[in-house]
1. Measure off 7 Å from each Cα along the Cα-to-Cβ vector at residue 219 and residue 118, then give the distance between these two points in nanometres to one decimal.
2. Relative contact order of the chain, please, whole-number percent, based on alpha carbon pairs below 8 angstrom and at least 6 residues apart.
3. Nearest 10 degrees, 0 to 90: what angle lies between the long axis of helix 64-75 and the longest principal axis of the chain (Cα atoms)?
4. Order of 13, 112 from fewest to most other C-beta atoms within 10 Å?
5. Express in whole angstrom the spacing between the alpha-carbon centres of segment 130-181 and segment 86-109.
6. Among DSSP bridges having both ends in the chain, what percentage is antiparallel? Round to the nearest 5.
7. Given a cut-off of under 8 Å on Cα pairs at least six residues apart, what relative contact order in percent is computed for segment 1-154?
8. Shape verdict for segment 225-269, please, from the Cα gyration tensor: rounded (a/c under 1.5), prolate (a/b greater than b/c) or oblate.
Ligand SMILES: C[C@@](CO)(OP(=O)(O)O)[C@H](O)COP(=O)(O)OP(=O)(O)OC[C@H]1O[C@@H](n2ccc(N)nc2=O)[C@H](O)[C@@H]1O
Ligand SMILES: Nc1ncnc2c1ncn2[C@@H]1O[C@H](COP(=O)(O)OP(=O)(O)O)[C@@H](O)[C@H]1O
């Protein structure tokens, strides 16, 4: 079985308050984008995991695909599989790539072994892996709250627009990003602003990670400004960075403007 775990962007990200468990309550819009890994899960004599493409920091045995398999294997009889991951989505990039791989592994195993795990239950499993992992089960635009693992509908009209994702190659860990911010409830309601036309978003739809991370890494602010200078209707950092995105009315050939960076561009679903 071959699946393509895709990245997400955060459109707006309010870090509302610190929770007693050390995590933060957030408010954001998760939106799927087409930048994808390739994940092959097939029946095998013995369990194996192999990753190609962008090198993944840490031990291969800690890969989130393996964690997903081991988690389901505790509750269901799973025979061995061979998992092959082709890593294309930048890592530590605010794109949720590792979480997507784990969520798609849950979906693949559910199908391959006909486990009959409902979508709600798959989300429950995914929440155990990471805060943004559950989003990738349904993989549709949502408003998220609490740890970023609870979802509600969102009224947002950007389908069909052109998106450019620029990754300047700075690896920012999620822990590093959260440790730099002071949580504060937003004065403006994110869902209300996102329901307005995109021309109304600039200056109102904010990512609370930007202030500290732009001060630490000026290249991020410069890249966001460059996206605006190329005509973006809205530009921002995704999640805990370091990927910036720009949303454009029509197609743009962004590659020549960012020759040194990893880049993905395409149409928003
Ligand atoms: C920041 C966001 C925004 O969408 O994503 P990325 O930009 O990393 O993709 C998410 O909140 C990241 O979600 P995820 O990457 O799944 O984080 P987790 O593995 O659950 O947590 C890693 C660490 O981040 C911090 N953390 C995470 C989520 C949250 N709501 N509050 C936190 O304080 C905690 O220190 C935690 O130990
Ligand atoms: N399949 C995977 N893909 C990417 N990172 C993984 C994977 N499995 C485990 N990891 C670990 O998770 C960390 C964060 O990964 P990632 O999801 O790319 O971050 P972000 O959500 O900030 O984009 C990596 O530094 C890596 O050590």
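Values in this text are rule-based calculations from the coordinates and carry no lab data. Keep in mind it's a predicted model, so treat the numbers as computed, not measured. Cβ coordinates were reconstructed from backbone atoms using ideal geometry, including for glycine residues, and neighbour counts include every protein chain displayed.
1. 4.7
2. Details: 556 pairs, mean separation 63.7, N = 269.
Taking the mean separation of contacting Cα pairs over the length of the chain, I get 24 percent.
3. Result, in degrees: 50.
4. On the way: 13 27, 112 15.
Lowest to highest Cβ neighbour count: 112, 13.
5. Using only Cα atoms to place each centre, the spacing works out to 13 Å.
6. Numbers: 39 of 46 bridges.
Around 85 percent of the beta bridges assigned by DSSP in the chain are antiparallel ones.
7. On the way: 307 pairs, mean separation 44.3, N = 154.
So the answer I get is 29 percent.
8. Numbers: a/c = 1.31, a/b = 1.09, b/c = 1.21.
The shape class here is rounded.
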